[in-house]
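Visitor: Just passing along the structure, written as structure tokens.
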There are 2 protein chains.
Amino acid sequence: MGSTCEMNAAMSVWRTLPLFVLASSLCLCLSRAEDSAMENIVTEKKAEESHRQDSADLLIFILLLTLTILTIWLFKHRRFRFLHETGLAMIYGLLVGVVLRYAIHVPSNMNNVTLSCNVNASPATLLMNVSGKFYEYTLKREIGANDVNDIQDNEMLRKVTFDPEVFFNILLPPIIFHAGYSLKRRHFFRNLGSILVYAFVGTVVSCFIIGLLMYGCVTLMKQIGQLGGDFFFTDCLFFGAIVSATDPVTVLAIFNELHVDSDLYALLFGESVLNDAVAVVLSSSIVAYQPEGNNSHTFEAMAMLKSFGIFLGVFSGSFALGMATGVVTALVTKFTKLRDLPLLETALFFLMSWSTFLLAEACGFTGVVAVLFCGMTQAHYTFNNLSPESQDRTKQLFELLNFLAENFIFSYMGLTLFTFQNHVFNPIFIVGAFLAVFLGRAANIYPLSFLLNLGRKNKITPNIQHMMMFAGLRGAMTFALSIRDTATYARQMMFSTTLLVVFFTVWICGGGTTQMLSCQNIRVGVDADQENFIGPDGVERRSTKHESAWPFRIWYNFDHNYLKPILTHSGPPLTATLPACCGPLARCLTSQQAYENEEQLKDDDSDLILNDGDITLTYGDITVSTDATGAHTSGTAVGGVAVNSDEALDRELAFGDHELVIRGTRLVLPMDDSEPPLPLDSHRHRHKYETMS
Amino acid sequence: MGSTCEMNAAMSVWRTLPLFVLASSLCLCLSRAEDSAMENIVTEKKAEESHRQDSADLLIFILLLTLTILTIWLFKHRRFRFLHETGLAMIYGLLVGVVLRYAIHVPSNMNNVTLSCNVNASPATLLMNVSGKFYEYTLKREIGANDVNDIQDNEMLRKVTFDPEVFFNILLPPIIFHAGYSLKRRHFFRNLGSILVYAFVGTVVSCFIIGLLMYGCVTLMKQIGQLGGDFFFTDCLFFGAIVSATDPVTVLAIFNELHVDSDLYALLFGESVLNDAVAVVLSSSIVAYQPEGNNSHTFEAMAMLKSFGIFLGVFSGSFALGMATGVVTALVTKFTKLRDLPLLETALFFLMSWSTFLLAEACGFTGVVAVLFCGMTQAHYTFNNLSPESQDRTKQLFELLNFLAENFIFSYMGLTLFTFQNHVFNPIFIVGAFLAVFLGRAANIYPLSFLLNLGRKNKITPNIQHMMMFAGLRGAMTFALSIRDTATYARQMMFSTTLLVVFFTVWICGGGTTQMLSCQNIRVGVDADQENFIGPDGVERRSTKHESAWPFRIWYNFDHNYLKPILTHSGPPLTATLPACCGPLARCLTSQQAYENEEQLKDDDSDLILNDGDITLTYGDITVSTDATGAHTSGTAVGGVAVNSDEALDRELAFGDHELVIRGTRLVLPMDDSEPPLPLDSHRHRHKYETMS
């Protein structure tokens, strides 16, 4: 999605807006008219110069990322786990920030021209008549009266400053989409109930806890005269909302490398993905809280309800939009033979996914949220219709975009700590914030876990709860939300504090994951799937049948019997599932493959409802409705190697690793990382051989 | 590269420039001070509204591309060859343009505020004091006094107008890089001499021929009073330069589908790739022609020489930069074990390639040209160091970017015919231009072919010359160059005419390719490689030994014996090629694989110099130093299937198709399109089966 937003960025900038002011032709030009030819040349030179400057500035970031990549490689090569690449990117960002701030000094060449104007509006486009020549200006932003003087000083720093919307329009979408696209995993569905509770209830709880605590902190500051500006309760709630979005990418990467218990993994990842969405919508609906009357910061039931309505409306709207485009893509890929041309298929997939974002933004919903659910739908349905090449291509494409965007954001975080102009570091507020974040996380995890355990057969043990508590890192989403608006004093203080929270959690919590795992003695080196049928976990496994609540079972049956067959080539033929009356319809909707594969094709969430044939059934999934392994099997078939169940298990494990990689792909060891498996195996061997020789 | 430029676009826009004006605090605000809170809300609403509008506008383009993709699929499905997808994209663009122009009418809500100002400069950033609130404005462009009135009317049309620089910073780089990256082909090197002559001499010749003819045409127009503005000789030359860049993507796609004689293919493609680069630099150095004195349009030897110097300097500088970053990437990928982590490898490859562009732009060279040569270097050296996954990933990534960018440009071309504001369609000029383009192409192909035939053993037959003449389509580069600057009357007339030239050539010449092929009875269905050793072509093949001139043979030997071993894992160990004195150096530079593969690894340009063992040697290449087939062999090895020479030949052919795909991937039949071969085969069978059943 990131790459796709470039036009958006470009466009949103290079188009002009309806409103504009026409410069009066009766402009009193006291200045001497300059030679027009010379003037033009000067303007060209200016533009050229600025373009070169842009390129140079951007080059800084590219080199930063390149440096990060090389260092990551070194770390992985040395099996060094204490610093994740995102933490590394931040450190490099910090260093560059320091250099830009203190080392480089650009003489700011500016000529102050006195402009006496008489306007009663702030038009989006301004036409100026300068000594007979017309110049078009576009409104960039409003500037606080106090910043006016800053602007002259720090041109160099402002050069490397992006418009915050870049994060929402360009960098976040690929990250979020990739998260949703990688989310299709048995363990996720097995814990869906708990994940939803943590994501929705938990986020709201932590938002309000943090909000209340910060309000107390702020009032205290006001008492002792530490507060330099307004700080309303809505601001506190807003702060609570933005720091409630967890992003444990570091932890997940390590989990994934150490093969930590996959239920814990699923819980953490599922929560982090969904609570991003919740936090975005929550914060926007808190901002939308606008009571009538002069004092716009009193409590008012109506406004409160309105905000709540906005929350529901925006969230469900984005959800529906995301699902819709996903479904459309699935239908298109199913009923065209587009799979014959992987390039077209991939391009279509890419464009449709991007259009989700644009559509949601155009309708006033939240593009990021829509993209998340679009990704999940694509993974659940469309993915099964894609040709194996396209499956690989799409996965690899979004993996790459995710990697680049994520590391860019984190390095920018580091940079901005020094280059941002209006930091407000307030010790009391910072301490209060850290405390509030801690307590908010605690109030999210422990009570909810207790409640969930009442319903769960395989309990969420205290150790796991502590681990989840510890893994409440804050990351890209929190940063993007906090940098989005730094106009007021309150927002500036929030931004500075948020930066510190992110740094602390990513470096300390992220770095301490392995220690935490060992001191909580949480099982590592668990085979994601052996637990399905071996040893004590066999119990745990069977228990999931009862665990999965009836709404989910109903949904699963509906999905497996109707949606999957309608939207994909997999699942049972509709002729078998639909009542006889709909025979013709069923026939025209059911694809050829569905009949052919009627036996072998199964849905790989099928273990939501388990039976004794579950294990073989699981292999049924793997050999067909998954990319890597799908390619693998066909490949092997051509290779003429029989597929015996040992291989299938082996493959399933590798596949488990691969699929679980999610946002943590980077810390996976070589043999887990590469896809599709067939080349993978061969290279694994070759690499082993190389390292041996 | 495209996706990579998003930040560039974003950044180049959201940073401010040093120069700026400070609004006087003694601003006479006669307008009533508005309520600040309300004001803020209004501003937010405005920004939000505009953002939603952006998304909606952009959505138009996405849906356009989606529609194009689906239609292309239909065409390919029906083996319909008369309309290429780029032509299709243009048609859809035209339709949307008509709708936007005539159907939709947006009531432009503008309030004209009288602004009496007193400025003696056009600052890049303008600070306005509007009733006590400061607003920052950025300089967008200078507007001709006559356009001032237009602006009010056509907001809707200007909404869908991009800044021309978008094409150079975002859309062209991926196209050009992909061209360079796909250029690694035996037949290209075999015809390198001729290609260079066509690209350099040919482009310059056609540029000046067209320039002179247009100057005649323009003077004629001036005589009969048809000329509405200045039109200097430099403008004519500029026009000659921009329309001299050929882009036969349509023709190449059809060639590739019909397996046309691969020498013809190599000549056409090589020429089109290189003359893009020549045209860019040529046009920029023509623009740089600035004689001293008042009359800036007289001939002046010094300025002429200066322009020539600029041409050489910029071209060689971009060339060197592109090579340099390519070499750096090759070294990094060789001496790190990055290949264990394909994601990191791909990301690094991507970032390094992008940094070429930025570096070139920052140094004042031409990014697009640098990117071209970077792509060629990456393909020639780095590619051999990449892991098979990364080889696929990078190829597929840039293939996708190229596809999207190309179709976007062509659909935008169609759109802009109706949405562009300042078209100047002059019948005489248009007729003259078509004539000049035709004659310019003729003056390029026929004389040069005659001269080249004096030196070539396998002559360029008249039929092939006619075909090349016919295949002189104009495309993306011509459009991008002509839209870059439409300020003056001359440039506007050029732009309008260029659009028509592109439409005509793409639709008529592109559509008539198959007929032209048959009426010129040029061999189709040629196996790219059989001709190397079967029948009369055996002669032709052997003849290439003598054909390849000594400078190329020297270069080849140097490359094969020193550069390849130093920069890649392939080629003979340096210990074998370097003199004994450099033993230690050679040992530390030679990689393990080089020893291991000493026998099997060969360079796949090796048939520049041929010997009797050439054919087997060719197989040596295929099985190792090429992506698809490389993966294939290893895969097959795992699959446990022996690699006999028949398979190798078969594979080589498929590979030939694949590699030759170049910019024409889209029209290739399924079996030629997908990669890597092993999955390909399996799917091909499956698809066949599906279509049968």
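Visitor: Criterion first (among the β-branched types (Val, Ile, Thr), in a helix (DSSP H, G or I) and under 23 Å from B:PHE319 (Cα atoms)) does B:ILE286 satisfy it?
Guide: When the stated conditions are applied, B:ILE286 passes them.
Visitor: Okay, moving on. So which of B:LYS602, B:LYS545 is modelled with pLDDT under 50, open to solvent by 40 Å² or more (accessible area, probe 1.4 Å) and under 24 Å from B:ASN385 (Cα atoms)?
Guide: Just a single option satisfies the conditions, and that option is B:LYS602.
For (1) touching a Leu at 6+ places or on another chain (Cβ under 7 Å); (2) without any contact (Cβ under 8 Å) to a residue 24 or more places away in the chain; (3) open to solvent by 30 Å² or more (accessible area, probe 1.4 Å), each residue gets a yes or a no:
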position	(1), (2), (3)
A:GLU389	no, no, no
A:PHE408	yes, no, no
A:ASN422	no, no, yes
A:PRO427	no, yes, yes
A:TYR446	no, yes, yes
A:SER449	no, yes, no
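Visitor: (1) modelled with pLDDT of 90 or more; (2) surrounded by fewer than 24 Cβ atoms within 10 Å (Cβ to Cβ); (3) closer than 30 Å to A:CYS519 by Cβ; (4) of a type outside the set (Ser, Thr, Tyr): which one isn't true of A:LEU454, the others all being true?
Guide: For A:LEU454, the failing item is (1).
Visitor: All but one of (1) of a type in the set (Ser, Thr, Tyr); (2) farther than 24 Å from A:ALA480 by Cα; (3) open to solvent by less than 40 Å² (accessible area, probe 1.4 Å) hold for A:THR461; which doesn't?
Guide: The number of the failed condition is (3).
Visitor: Take A:VAL243 and tell me if it is in contact with a strand residue (DSSP E or B) (Cβ under 8 Å, 6 or more places away or on another chain) and at pLDDT 85 or above.
Guide: Considered against the rule, which asks whether it is in contact with a strand residue (DSSP E or B) (Cβ under 8 Å, 6 or more places away or on another chain) and at pLDDT 85 or above, A:VAL243 comes out as yes.
Visitor: Just for segment A:360-390: of the residues that are among the β-branched types (Val, Ile, Thr) and over 15 Å from A:PHE168 (Cβ atoms), which one is nearest to the other protein chains (Cβ to nearest Cβ)? Give the derivation first.
Guide: Here is the first cut: in segment A:360-390, the ones among the β-branched types (Val, Ile, Thr) are A:366, A:368-369, A:371, A:377, A:382.
When the remaining residues are screened for being over 15 Å from A:PHE168 (Cβ atoms), the result is A:377, A:382.
Details: A:THR377: 17, A:THR382: 14 Å.
Ranking the candidates gives A:THR382 first.
Visitor: Hey, any hits in segment B:462-479 for a residue that's assigned to a loop (DSSP other than H, G, I, E, B) and free of Cβ contacts under 8 Å to residues at least 24 places away in the same chain?
Guide: no
Visitor: Same structure, new question: Looking at (1) surrounded by fewer than 24 Cβ atoms within 10 Å (Cβ to Cβ); (2) at the interface with chain A (Cβ under 10 Å from one of its Cβ atoms); (3) over 19 Å from A:ARG393 (Cβ atoms), which is the only condition B:PHE357 fails?
Guide: With (1) surrounded by fewer than 24 Cβ atoms within 10 Å (Cβ to Cβ); (2) at the interface with chain A (Cβ under 10 Å from one of its Cβ atoms); (3) over 19 Å from A:ARG393 (Cβ atoms) applied to B:PHE357, the lone miss is (1).
Visitor: Next question. What residue, among those in segment B:320-335 that are over 23 Å from the mean Cα position of the chain (by Cα) and open to solvent by less than 20 Å² (accessible area, probe 1.4 Å), is farthest from the other protein chains (Cβ to nearest Cβ)?
Guide: Only one residue fits best here, namely B:LYS334.
Visitor: Here's another thing I want to ask about it. Quick check on this structure: which one of B:THR219, B:THR234, B:THR246 is farther than 23 Å from B:ILE175 by Cβ and in contact (Cβ under 8 Å) with a residue 40 or more places away in the chain? Lay out the reasoning, then the answer.
Guide: On the way: B:THR219 fails: in contact (Cβ under 8 Å) with a residue 40 or more places away in the chain; B:THR246 fails: farther than 23 Å from B:ILE175 by Cβ.
One residue alone meets the criteria, B:THR234.
Visitor: Go through (1) in contact with a Pro (Cβ under 6 Å, 6 or more places away or on another chain); (2) surrounded by 24 or more Cβ atoms within 10 Å (Cβ to Cβ) one by one and return the number of the condition A:VAL281 breaks.
Guide: (1)
Visitor: In addition: Going by the structure shown, is A:ILE209 in a helix (DSSP H, G or I), closer than 30 Å to A:LYS459 by Cα and open to solvent by less than 10 Å² (accessible area, probe 1.4 Å)?
Guide: The answer is no for A:ILE209.
Visitor: Against the condition out of contact with any Pro (no Cβ under 8 Å at 6 or more places or on another chain) and within 11 Å of chain B (Cβ to nearest Cβ), how does A:ARG393 come out, does it pass?
Guide: For A:ARG393, the condition - out of contact with any Pro (no Cβ under 8 Å at 6 or more places or on another chain) and within 11 Å of chain B (Cβ to nearest Cβ) - is not met.
Visitor: Please tell me if A:GLY313 is surrounded by 24 or more Cβ atoms within 10 Å (Cβ to Cβ) and more than 14 Å from chain B (Cβ to nearest Cβ).
Guide: Judged against the criteria, A:GLY313 is not a match.
Visitor: Is segment B:88-108 home to any residue that is at pLDDT below 60, more than 21 Å from B:VAL506 (Cα to Cα) and at the interface with another protein chain (Cβ under 7 Å from one of its Cβ atoms)?
Guide: Step one: list which residues in segment B:88-108 are at pLDDT below 60, which gives B:106-108.
This time we only want the ones that are more than 21 Å from B:VAL506 (Cα to Cα), so: B:106-108.
Right, trim to at the interface with another protein chain (Cβ under 7 Å from one of its Cβ atoms) and you get B:108.
Checked against the condition, which is being at pLDDT below 60, more than 21 Å from B:VAL506 (Cα to Cα) and at the interface with another protein chain (Cβ under 7 Å from one of its Cβ atoms), segment B:88-108 yields at least one hit.
Visitor: How about segment A:478-504: which of its residues are β-branched (Val, Ile, Thr), more than 15 Å from A:SER283 (Cα to Cα) and open to solvent by less than 10 Å² (accessible area, probe 1.4 Å)? Working first, answer last.
Guide: Keep residues of segment A:478-504 that are β-branched (Val, Ile, Thr), which gives A:478, A:483, A:486, A:488, A:497-498, A:501-502.
From what's left, more than 15 Å from A:SER283 (Cα to Cα): A:488, A:497, A:501-502.
Within segment A:478-504, A:THR497, A:VAL501, A:VAL502 qualify.
Visitor: Answer yes or no as to whether A:ASN275 is buried (at least 18 other Cβ atoms within 10 Å of the Cβ), under 28 Å from A:ASN402 (Cα atoms) and in contact with a strand residue (DSSP E or B) (Cβ under 8 Å, 6 or more places away or on another chain).
Guide: yes
The values are calculated or read from the model by the stated rules, or taken from the named source; none is laboratory data. From a predicted model like this one, the values you see are computed outputs, not experimental measurements. Don't worry about glycine lacking a Cβ; one is built from the backbone with ideal geometry, like all the others, and counts go over all protein chains shown. The area values use the complete protein model at the heavy-atom level, side chains included, leaving out ligands, DNA and RNA. Shrake-Rupley method; radii C 1.70, N 1.55, O 1.52, S 1.80 Å.
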